[in-house]
Amino acid sequence: MKPLRVFNFVAALVLAFGTFTAVAQTYPNKTVKMLVPFPPAGATDAVARFVALKLAERWGHSVVVENRPGAGGSIGSDLAAKSAPDGYTLLMATTSTHSIGPTLSKLPYDPIKDFTPIIHVADVPNVLLVSPTLPVKTLKELVAYAKARPGQLNYGSSGPGTIVHLNAELFKLIAGVDLQHVPYKGTALAIPDLANGQIAMLFDSLASAMPHIKSNRGRPIAVNASKRSALLPEIPTLAEAGMPEFNTNTWFGLFAPAGLSKDLTAKIHDDVAAALQSPDLRERFASVGAEAVGGTSEQFTARILSDTNRWAQVIRTAKVKIE
């Protein structure tokens with residue numbers, strides 16, 4: 001390569017690097033939108049709003065949470081995937097949208113190729129709620145009650161193919177009971193029917209379930225986690241209650257559209273990681289049963305793939321299909 005060409009090539013690299021660095025240093029210079037592919041008042045919404053508040057404080061610009069629910073989270077996720085990879089549209093997604101959906105149906109997006117995984121934000125246990133109208137207070141009593149009424153009891157979910165749905169299908173497989181599925185566009189929308197007995201049970205994230213537990217619209221039977229929650233210390237884990245096969249907490253993570261530059265990815269990652277270390281954010285997370293995680297983008301990607309394999313096995317065994 002001739003000296004002039006070498007000089008021009010190096011200069012172009014330096015200019016490009018300098019441009020990327022300048023973008024990262026000035027980001028953000030306007031409002032950032034954080035899409036949540038589920039309704040307000042749910043777990044994903046709560047986690048997103050806590051993080052958005054801390055980022056707004058750190059960045060000096062608003063971080064607006066926008067709910068785009070529907071189709072098990074695929075509507076909002078697809079909107080994010082098709083947005084410009086400039087850091088001004090982010091997605092707070094979860095196990096349902098990125099580790100379950102790909103096995104169940106042909107999505108309008110690829111959960112790996114169409115996104116830049118930024119950081120694993122939090123894990124949230126799931127809790128098994130039963131209607132307060134049911135005469136059961138333990139897992140053993142629930143299983144016996146369901147077995148005595150095959151096909152007569154309904155369970156709710158946040159939509160076909162979500163982790164809420166699959167947790168119930170896994171429950172059916174392990175317990176050997178016949179329950180009917182009633183899908184909603186979010187667990188918050190299922191709570192009125194749980195309270196009045198239209199549905200008998202519901203797996204919900206602890207984050208979104210706590211207000212309904214406190215208002216006696218749902219009775220907690222067991223927590224789907226490796227240990228008891230500090231929010232419900234008197235409630236056993238599913239393993240303690242007799243189902244050791246259960247340990248499927250829900251992850252929540254921040255994504256950007258594919259093509260986000262490495263420097264912007266690193267900046268957003270580092271800023272969220274710093275926020276996750278703040279005592280006030282951890283306290284807010286703890287108030288809804290969430291646990292801050294963090295880690296590298298590569299570790300987050302590995303978790304996504306691991307959960308995809310695990311839930312694919314449940315989907316095949318339970319013969320779960322999306323109509």
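The values are calculated or read from the model by the stated rules, or taken from the named source; none is laboratory data. Because the structure is predicted, anything quoted here is derived from the model rather than measured. Backbone-built Cβ (ideal geometry, glycine too); neighbour counts: all protein chains shown.
Annotations for the structure displayed:
- Every residue from the stretch 128-174 that is out of contact with any strand residue (DSSP E or B) (no Cβ under 9 Å at 6 or more places or on another chain), of a type outside the set (D, E, K, R), modelled with pLDDT of 95 or more and not in a loop (DSSP other than H, G, I, E, B): Val143, Ala144
- Any hit, the stretch 85-93, residues being of a type in the set (Ser, Thr, Tyr) and either in a strand (DSSP E or B) or assigned by TED's automatic domain parsing to the domain that holds Gly186 (or both): yes
- Options Lys82, Lys54: the member that is at pLDDT 95 or above, buried (at least 18 other Cβ atoms within 10 Å of the Cβ) and more than 15 Å from the chain's Cα centre (by Cα): Lys54
- Leu189 being out of contact with any Asp or Glu (no Cβ under 7 Å at 6 or more places or on another chain), part of a loop (DSSP other than H, G, I, E, B) and either outside the structural domain of Arg49 (by TED's automatic domain parsing) or on the phi > 0 side of the Ramachandran plot (or both): no
- Residue tally, condition touching a residue at least 40 places away in the same chain (Cβ under 8 Å) and basic (Lys, Arg), over the stretch 78-126: 2
- Selection of the stretch 194-205 for residues being touching a strand residue (DSSP E or B) at 6+ places or on another chain (Cβ under 9 Å) and either surrounded by fewer than 17 Cβ atoms within 10 Å (Cβ to Cβ) or farther than 23 Å from Ala146 by Cα (or both) yields only Gln198.
- Here Gly72 fits the description: within 26 Å of His212 (Cα to Cα), outside any strand (DSSP E or B) and modelled with pLDDT under 95.
- Residues within the stretch 247-287 that are over 17 Å from the mean Cα position of the chain (by Cα) and among the hydrophobic types (A, V, I, L, M, F, W, C), tallied: 9
- Applying a threshold of 6 Å to beta carbon distances and a minimum spacing of six or more residues, or different chains, the list of pairs starting in the stretch 272-296 at a residue that is without any contact (Cβ under 8 Å) to a residue 60 or more places away in the chain and ending at one that is surrounded by 20 or more Cβ atoms within 10 Å (Cβ to Cβ) reads Arg282/Ala292.
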